[in-house]
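The values are calculated or read from the model by the stated rules, or taken from the named source; none is laboratory data. Keep in mind the model is a prediction, meaning the values are calculated, not measured. Don't worry about glycine lacking a Cβ; one is built from the backbone with ideal geometry, like all the others, and counts go over all protein chains shown. The accessibility values were calculated without ligands, DNA or RNA, using every heavy atom of the protein model including side chains. Shrake-Rupley method; radii C 1.70, N 1.55, O 1.52, S 1.80 Å.
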Amino acid sequence: MEKTFNLSRREDGIAVLTMDVPGETMNTLRSEFGPEISEVLAEIKSDSSIKGLVLISGKQDSFVAGADISMLDACKTAEDAKFLSQQGHVVFNELENLSIPVVAAINGACLGGGLELALACHKRVCSLHPKTMMGVPEVQLGLLPGGGGTQRLPRLVGVTKALDMMLTGKQLRPKQAVKLGLVDDAVPESILLRTAVEMALADKRPTKKKKQSIVNQVLEGTSAGRNIIFDQATKQVAKKTQGNYPAPNKIIDCVRQGMTKGMIKGLEVEASHFAELVMSKESAALRSIFFATTEMKKETGAGDVEPRQVKKAMVLGGGLMGGGIASVTTTKAKIPARVKDINEAGLSNALAYAYKLLDKGVKRRHMTPAVRDNTMALMTTTTEYKGIKDADIVVEAVFEDLALKHQMVKDVERECGENTIFASNTSSLPISQIAEVASRPENVIGLHYFSPVEKMPLVEVIAHEKTSAETIATTVAFAKKQGKTPIVVQDGAGFYVNRILALYMNEAAQLLLEGQSVEHLDKALVKFGFPVGPMTLLDEVGIDVGAKISPILENELGERFMAPAAFDKLLADDRKGRKNGKGFYLYGGKKKTKEVDETVYSVLGLKPGVDTEASEVAQRCVVQMLNEAVRCLDEGIIASARDGDIGAIFGIGFPPFLGGPFHYIDTLGAGNLVKMLENYQTRYGDRFEPAAKLKQMASEGTRFFDA
Ligand SMILES: C[C@@H](O)CC(=O)SCCNC(=O)CCNC(=O)[C@H](O)C(C)(C)COP(=O)(O)OP(=O)(O)OC[C@H]1O[C@@H](n2cnc3c(N)ncnc32)[C@H](O)[C@@H]1OP(=O)(O)O
């Protein structure tokens, strides 16, 4: 069998151990490598001519991407998982205890177990390659660093910074890593090996630790001080996770026990907690999201049709969405974008949007002002259709007016090339309606972004019946270059995400009209696992936007989408939400915490009654979303349950630890969900009628995913 580790000896006495997993684009750590690694370490220990060791990757631009997540998925028992962690401890301890200097030479991704491997080396040097990132993202998989990271990281960079890395899963760029003391140096890739060899030729004493402030020395240097750190971290975790994610508290416990009772105890605790987490339903759900998104990275959205290259884009409308779309086009995709608006104000907004994003990078020192300015030069502006003949794609992001969009379709077909794609960022209008005036309907497609554009990873790519496969593939590729996760959905009012969101929001509105308070509704759904509650979301999206979409959905999809009439009173009272500072919450005040605008109750003619059980409130809203998601799958609006899960998680923040609507239905059981819906249908009306497919699955006892 081809080897993963190759040991080569240099004349200066330094041995270079190259890791290169055969046939894989990325190095990952697997249990099967154990015997080979032990053999290599034994060879090194027995060869007195070896004066030092450099560990390097044989991959072009990645070091080690962590433990093989598929291997973790294959664990059948906690014992299986615990063995993996303990095996890692043995190997990494052996590496760390070598009598010769061991230096990790890091180029590219060095994540999870990959960083833990590097931490077991005596020193670390990384390259300045743009793909060189270091971190322990296990918490994003519902796990913890199980290869000694919970013990070595705090001892290297300090408890506070180690907890920050492990609890957020943040990835550090080279200069950040040097500043933190995670690596000893960052050098151009061309001299990475040479630098590592020089380090290995020097003695193995660790580089002088970064000087800590007096406060930090006291906090980190005493058990009382450390307990303050641990307690503070525990409080922050509780606030952020609402108790829905077990990994963070276990991470804190590993560090606490290790720092209190020593590294050996710490490693024991780490292996036990790691094992429990690998077997947890939360980690299984989060790992499924990793596999889904990795699989989607390779899909064109149109089978084996090759996408055309997009060398230039145009954005119509420089407002909130247009500015965001133009910004991610230039700053992420590095594709020139020409923004057209009817006035200079819109154009200035788009430029300011991009500049603000880029300047944040300069302030955080991972971008130079020159790179910022060169990237800004990719965005040009115009109030006329000039300089766009060579645009490969035009994205319109103007307000939801069909006549205006029709005019834009005609303008683009007149002013641009015959292959230029017209992509509409509409959030509700059927693409077929927009395309009905096109002389080249095969070039018309929907490309629906979510606000804020630079943060929300999802885009919906909406094909109408005449959209060509090449248009789909090109649009999907363009969105991926923008750093987006696209799902291809079929044409229909509200597409997928807004359609399932609408019923969830309507149910929240019903609960409000029944006397639940605004803050109780929001707290209930945040506790369930959403990033924000429905009333906050409505304020953010815009009450006027919701009111505009509802009748379109009701007209196309049926009266279950009828929004509560009382909400018209909000618009009559000019309540649009954050955008005009009047909504369910107060805006513009000096207080950090948001306060409900109590006058909203009188506008709606309400007096909040007694808030009912939060879980019941959440369940009524969530089952509406689940039921409609099943209808969308049944109607072919989404191609798969996988896409439905990713769309809901990345589009509206459906709780990732539940794996998405379809994974969650599998967890609940279709039969139980039907019973819940039927119970609500009896109590609250036919809007809770279970979807036909759901009833069929309940009767057949089937699931969306293999158990
Ligand atoms: C011991 C404990 O501490 C446990 C751990 O270490 S848990 C694992 C922690 N590591 C991670 O969470 C990193 C996961 N990977 C990524 O974030 C990304 O893959 C990347 C940033 C490393 C690279 O991203 P990108 O350049 O976009 O490449 P892909 O995501 O498409 O990945 C390329 C192929 O590598 C496979 N892969 C990457 N990481 C892992 C992994 N940890 N386990 C298994 N496989 C991994 C990925 O599936 C792709 O495979 P393919 O065959 O090419 O499709």
> Any idea what the alpha-carbon Rg over 2.2 N^0.38 Å comes to for segment 55-113?
Replying inline: 1.33
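How big is the antiparallel share of DSSP beta bridges in segment 5-279, given as a percent to the nearest 5?
Details: 7 of 30 bridges.
Here the share of antiparallel DSSP bridges comes out near 25 percent.
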> Is segment 182-304 best put as rounded, prolate or oblate by its Cα gyration tensor, with a ≥ b ≥ c the root eigenvalues, rounded for a/c under 1.5, and otherwise prolate when a/b is larger than b/c, oblate when not?
Replying inline: oblate
> Over its Cα atoms, what ratio of radius of gyration to 2.2 N^0.38 Å does segment 313-493 give?
Replying inline: 0.97
> lysines within cross-link reach of Lys312: Cα-Cα under 16 Å, excluding same-chain residues under 8 positions apart?
Replying inline: Lys332, Lys334, Lys340, Lys386, Lys389, Lys480, Lys481
>> For segment 304-388, what does the convex hull of the Cα positions come to per residue, in cubic angstrom?
In response: 108
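Figure the gain on full extension for Asp304 and Lys386 (residue separation times 0.36 nm, minus the Cα-Cα span) and round it to one decimal in nm.
Numbers: separation 82, 0.36 × 82 = 29.52 nm, distance 3.48 nm.
Result for the pair: 26.0 nm of gain on full extension.
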> Among bridges DSSP assigns within segment 313-493, what percent are antiparallel (round to 5)?
Replying inline: 15
> Can you give the Rg to Rh ratio for segment 1-94, taking only C-alpha atoms and Rh from Kirkwood?
Replying inline: 1.00
> Using the alpha-carbon atoms, what tilt in degrees (0 to 90, nearest 10) does helix 78-96 show relative to the longest principal axis of the chain?
Replying inline: 50
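Among the DSSP beta bridges whose two residues both lie in the chain, what percent are antiparallel, rounded to the nearest 5? Could the numbers behind the result be given before it?
On the way: 15 of 63 bridges.
So the antiparallel bridges amount to about 25 percent of the total.
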> Could you work out the helix-only [θ] at 222 nm for the chain, with each DSSP H run of four or more residues adding -39,500 (n - 2.57) and the total divided by the number of residues, to the nearest 500 deg cm²/dmol?
Replying inline: -15500 deg cm²/dmol
> What is the spread of the Cα atoms of segment 239-291 along each of their three principal axes, largest first, in whole Å?
Replying inline: 35, 25, 14
>> Given N residues in segment 113-207, what is its alpha carbon radius of gyration divided by 2.2 N^0.38 Å?
In response: 1.06
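Could you work out the mean projected area of the convex hull around the alpha carbons of segment 5-279, in square nanometres to one decimal? It would help to have the intermediate numbers written out before the result.
Numbers: hull surface 55.8 nm².
Hull-based average projected area comes out at 14.0 nm².
Subtract the Cα-Cα distance of Ala707 and Glu689 from 0.36 nm times their separation in residues, and report this length gain in nm to one decimal. Intermediate values should be presented prior to the final figure.
Numbers: separation 18, 0.36 × 18 = 6.48 nm, distance 2.68 nm.
My answer for the length gained is 3.8 nm.
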> With each pseudo-label sitting 7 Å past Cα toward Cβ, what's the Ala42-Lys548 distance in nm, one decimal?
Replying inline: 7.2
>> If you split all Cα-Cα distances of the chain into 20 Å bins from zero, what percentages do you get per bin, shortest first?
In response: 16, 44, 33, 6, 0
>> So, for segment 539-604, what is the accessible surface per residue at a probe of 1.4 Å, expressed in square angstrom?
In response: 58
>> So if I take the centroid of the Cα atoms in segment 598-636 and the same for segment 247-285, what is the distance between those two points in Å?
In response: 37
> Looking at Ser38, Gly324, Gly181, which one has the Cα that reaches farthest to the positive end of the dipole of the chain (charges on Cβ: Lys, Arg +1; Asp, Glu -1)?
Replying inline: Gly181
>> Taking the square root of 5 times each eigenvalue of the Cα gyration tensor, what semi-axes in Å does the equivalent ellipsoid of segment 433-540 have, largest first?
In response: 34, 16, 9
> Mind checking the angle between helix 263-278 and the chain's longest principal axis? C-alpha axes, 0 to 90 degrees, to the nearest 10.
Replying inline: 30
> What angle do you read, to the nearest 10 degrees and between 0 and 90, between the alpha-carbon axis of helix 518-528 and the longest principal axis of the chain?
Replying inline: 40
> In segment 558-666, what GluC sites (Glu not before Pro) fall in a loop by DSSP, with at most 12 other Cβ atoms inside 10 Å?
Replying inline: Glu595, Glu598, Glu613
> Taking only the alpha carbons of segment 498-586, what extent do you get along each of the three principal axes, in Å, biggest first?
Replying inline: 32, 29, 22
>> Could you tell me the center-to-center distance, by alpha carbons, between segment 515-578 and segment 323-391 in angstrom?
In response: 33
>> Working only with C-alpha atoms, what are the Rg and Dmax values of segment 547-629, expressed in angstrom?
In response: 15.4, 44
